[in-house]
Every structure is written in C-alpha cells, then in structure tokens.
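Asker: Sharing a structure below in structure tokens format, with a few things to ask.
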Amino acid sequence: MNILGLSAFFHESACCLLQDGRLTAAAEEERFSRVKHDPRLPVSAFRWCLEAGGLGILDLDAVAYYESPVKKLSRQLWAGVPEGAPSGLPWIDPGMPERAIREGLGWEGPILTFEHHRSHAASAFFFSGFPEAALLTVDGVGEWATTTYGTGRGSQIEAFEEVLFPHSLGLLYSTLTSYLGFSVNDGEYKVMGLAPYGEPRYLDEMRQLVAQEADGQYRLDLRYFDFLRGRRMYSDALPRLFGQPPRRRGSEISGFHQDAARSLQVVLEEILLAKAAYLHERTGLPDLCMAGGVALNVVANGRILREGPFARLFVQPAAGDSGGALGAAALAHVELTGGRPPSSEPMRHAYLGPAWTADEVARILNGLELPAQDFRGREAELLEAVVDRLARGEVVGWFHGPMEFGPRALGARSLLADPRDPGVRDRLNRLVKKREAFRPFAPSVLAAHAAEHFDLDHPSPFMLETCRVTSPLDLPAVTHVDGSARPQTVDPEQSPRFAALLQAFHRRTGCPILVNTSFNVRGEPIVCSPVDALISMGSSEVDGLVLEDLLIDRAMLPANWGELLPGWMERRRSGFARGEGAVSPDLYTFV
Ligand SMILES: [Fe+2]
C-alpha cells in the first residue's frame, strides 16, 4: 500500500510517502524550489518521494490531501475574500487543489481528502507510538477550526470540541507578530525569542484581546483585529490599546516591544496550560499529542510538559502545515486498510529527505573544480579534522545523510560551533545567519549526557521544548537570556555520525554539546543539495564545510564564488514571482 500525502496552497507545501504504513520519505517543496515557505503544488517533493520509494506514479494507491477545500470555501465566503488576494491560489475555487493534483502531477487515481485539523491530529498521534492519547491541535485556521480537542485510540481519532474562526490563538500570535514589525507566518519564532528580554507589563491589555471561556473555548475581541477584512492583521484600536504605534520592520526594538512579546507569550502559555488541563480532565488520558503551528511554540510546550497534568508529550517535528501531509497519509492508510499505520514505535528521527553519497559529492566538486580534503573511508580522521576547527572557534557547515523534515536542522543540514565560545553567537547572527542579534541558538547534546547539562529527564530529539540550562560549563552561545535552552538530544542509534562527532568533541574538550543551527542564511530555506550548501557557504562566513566525507575550506573557494552561483538561485526565484503569483509575506498566507 503506497500512499502519497500532500499539503499545499497555504503555507509550506510538502509531500510524504507512506509505504505499508511506514513513513519512508517526506520533504517540503521550499527545499527544492529555494523559495522559503513555498505554498505551490509540491511537484519536486512529489517526484522525489516517488524516487525515494522506487515507485512510478502508477504504483501509488492514493493521494491524500490535508484539508477540505469545500469547507474552507464556506469559511472564506463567510469572511469575504481578502482585497487584492493573489490569483493562482484557491481562494474561491474549491476544485483547484484536485485539478492541480490531476494536471500538475498527472495523477488519475483516487484523491482522499481529510479536514485540516484532523490531519494535524493524525500527524501527531499516528507517529507518537502512544496506543492512546489526548489530542490538541492549535493553529491560525484550517477550514473553520482553529483549535480542536480529541482522543486517539488505536486506529481511531475523534475530536469532541473545537474553537472556530475567527477566534484563534494562532491568529492572535500572528497579529501581535505583525504589530511588532515581523512577518506573519515567519516571524512568530522571533517574537518567542524576544519575549525573555521583556517583562510581562501588558498582561491586562493582552487579556483584553483574548478572553478565556468555559471548557475549551476562548474569544478574541474582534474590535482589535482586522484580518477578517484582510487589509492587515490588526485594527487601529490595537495600537491605541497599547499606546504605541506599530513597529516598522527593521526599525529598532525597544523595551516596549520586548515587554509586549513577553506579555503575549505569558498569556498564550496561560491559555494553553488551562486548556491542556481541561483536555486532561475530559479524557483522563496520561499522554498528550500536539500539532498545528502553535505546537511549534517550544517555550509553551516545555511548560505544558513541566507544569501540566500529562505524563508525556509528543510533538511531531513538522508540527505546522507541512506535517499535515503525514496526517492525511496516515488517515488514508486507516481508511484503505482498516488498521493503524503499523508503527508502534514513536517517530525517532526526521531524516526523511534526499541524500547524496560521498562519491556523488566528489563528482559535483570535481565538476565545479573545487578542491577538497577527501576523507572517504576515514571517518575518524574526518571527525578529528572537524573538531580541530570547532575547537578553534570556527563555524562548520555539516551536511550528512538524508535531509530533515520540518523546520529544524537536526544534524543533517546544520551549522555547528563551540557553545562555550562567547563570540560565537554574535558571529553566527551577524556574519553567517545574517539575522537579528537577539535570537538564541540551540544546542545538540549527546543523549547520554543531556541530564548533566539541562533540566531534561527524557529524550528531546526534535528541539521542540525548552528547559533550564543546569550545566557546570559556561555555555553562552546556547543559553538564552532567561537561562533556558532548546536542546536536541542526539542518540547514536538514530544519528551515528553526528553522535560520533559530539563524542569526539567531548573527548577533546570535555563538552558533549555543540551549537546546532539550521544551514541557511536569512530569508532562504535550509539547504537541500550539496550545491545549495556551497552557495550558502559563498554568501556567508561559514569557515569550513563538510559534504559527507569531503571537507572544503572557505579559503579554497574562488574569490568571486559568492557572485557565481547566487545568480542561478535568483533566476529560480524570479521565475516563481513571475509565474504563479508570489504570496505577500504579510497577508494572505494565513487565510
Ligand atoms: Fe494548520
């Protein structure tokens, strides 16, 4: 049974392949197209999933789509189509997704469609390994639902309550993200990272924006929001409430912005904690699965696990809309076979994307006439050479094995550095990632040593919760201003080479931890191919680059490298802008 799961036309299109219930491939389209958050039909991800499974299109039994276009239309009509909405996306055409799948992918077989939040819930539950669990999904909006409460038992998932649009915690967070001068559907991480710098001085104002109600419900005070009309996220009443004008993008971040971010985060956590308690009370189940964009709020996740009533929490690494593809595929498997996808084990890794062998990398480098140190057959020497570089303060690009699915780099497409180095954070932000100075970096730690350095008593392989740093070492590069971190625990069984690198660094320095940030520069998706990594190296200050068994020194790149290949990227990008209706980063991607 080969099922292709697909999410598209909203935010972060993706495909995955479920073969006899086993997840064998998954990737976001943005990694191939190099357009961040690419919402288009995921043609490249689709082709790649077939290739990864060794399948032709006729070998598929079904395509599973992650939301119901007809139900979505009823909400869109109720809300009114936003002014200036771009053409080419299915605003008022519920037949468009199916036509696109038929015409754009050439698929003539069955298309099974599942509701957006049902896909979210399934994407967590069926990959959690829990025989039964309480299910909480929270995002901006699906068709009508913005939050759902339910249970998963065996092959069945049921929702017993939902919160309906326009009342939405995701849209609340996105509205404040926009007011604070960051892009909607992209800058929410930045608001979360900014929050610990501030004090919760605006709790009363935040509680005016959103009021908790009985059971699972809450309400936005719509006087403060304008997303229904679609011109912008907030109305004029919102800046009046805070007594501050909206922040212009790129302008200075003040104490007010920090305090507002903190207040928003506190109120979000308050509501999620209360609703998790309600869900526990209703279901009596010990384990919780969460999904939807708000489940990527790792600070809230950490609090739900520490302070909430549930014993265990599972969040799937692609908890946002790209992961909807997984849920839809799992639901199709249940519908077609009558049984649960046969993973009684939890999803333990996210290495589900394309990979290149060392020989393939060597051929690419030869073709580009780029010199590299060749460590094929000498892994231990490669690791020592990388440790040499890390220990002297270099930033190393680390490309190994299949690419990660989901927004986090987990040791397959990562930038690595020494977490003890006080200069690393600034250097990474300024020269390598080219992003805001306040944003923290995450640590990867050998699983066996995690408890010695972090207040963490369970594996956290996907960087989906924060915890306190308790390390006897000084770790300035990965410790946030409030003493927290967002660790990835690295298990030698799932990530043998990455774990071996951490072990080698530990042997040399006594520190089993590395800074691990995604391998991309600002505004670009995480690198996918060796060529993407070489381009990224050319446009940033990465010192060394490991492409499988080959090590490239920055000094080996031609002086004009930075100007050579980016032209190719630009051509791909402008093709998108001309051809299929680029999406404004501020509006429309959420409706
Ligand atoms: Fe969603």
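Readers should treat all values here as calculations from the given coordinates under stated rules, not as data from a laboratory. Just so it is clear, the structure is predicted and the values come from calculations on it, not from any experiment. We place every Cβ from the backbone using ideal geometry, glycine too, and count neighbours over all the protein chains shown.
Asker: With unit charges on the beta carbon (Lys/Arg positive, Asp/Glu negative), name the residue among Val315, Met233, Ala500 whose Cα is farthest towards the positive pole of the charge dipole of the chain.
Answerer: So the residue we want is Met233.
Asker: Let me ask another. Using DSSP loop states and a limit of at most 11 other Cβ atoms within 10 Å to flag GluC sites (Glu not before Pro), what is the longest stretch of the chain containing no flagged site?
Answerer: The longest uninterrupted stretch comes out as 370-492.
Asker: Tally the DSSP beta bridges in the chain and give the antiparallel ones as a percent, rounded to 5.
Answerer: 70 percent
Asker: Here's another thing I want to ask about it. Scan the chain and report its longest stretch carrying no trypsin sites (Lys or Arg not before Pro) that are both in a DSSP loop and have at most 13 other Cβ atoms within 10 Å.
Answerer: Within the chain, the longest run free of exposed trypsin sites (Lys or Arg not before Pro) spans 1-228.
Asker: Oh, and also: Given +1 on the Cβ of Lys and Arg, -1 on the Cβ of Asp and Glu, and no further charges, what dipole in debye does the chain carry about its Cα centre, rounded to the nearest 20?
Answerer: 1100 debye
Asker: In debye, nearest 20: dipole of region 426-552 around its Cα centre with unit charges on the Cβ of K, R (+) and D, E (-)?
Answerer: The calculation lands at about 360 debye.
Asker: What size of dipole, in debye to the nearest 20, comes out for region 225-277 about its Cα centre when the only charges are +1 on Lys and Arg C-beta atoms and -1 on Asp and Glu C-beta atoms?
Answerer: Using Cβ point charges on Lys, Arg, Asp and Glu, region 225-277 gives about 300 debye.
Asker: Once phi is turned into ³J(HN,Hα) by the Karplus curve 6.51 cos²θ - 1.76 cosθ + 1.60 with θ = phi - 60°, what whole-Hz value does each residue of region 331-342 show in order, with x for glycine and proline?
Answerer: Karplus-based 3J(HN,Hα) across region 331-342 equals 5, 5, 4, 4, 5, 7, 10, x, x, 5, x, x Hz.
Asker: Counting only pairs 8 or more residues apart or on different chains, how many lysine pairs in the chain have their Cα atoms under 28 Å apart?
Answerer: 10
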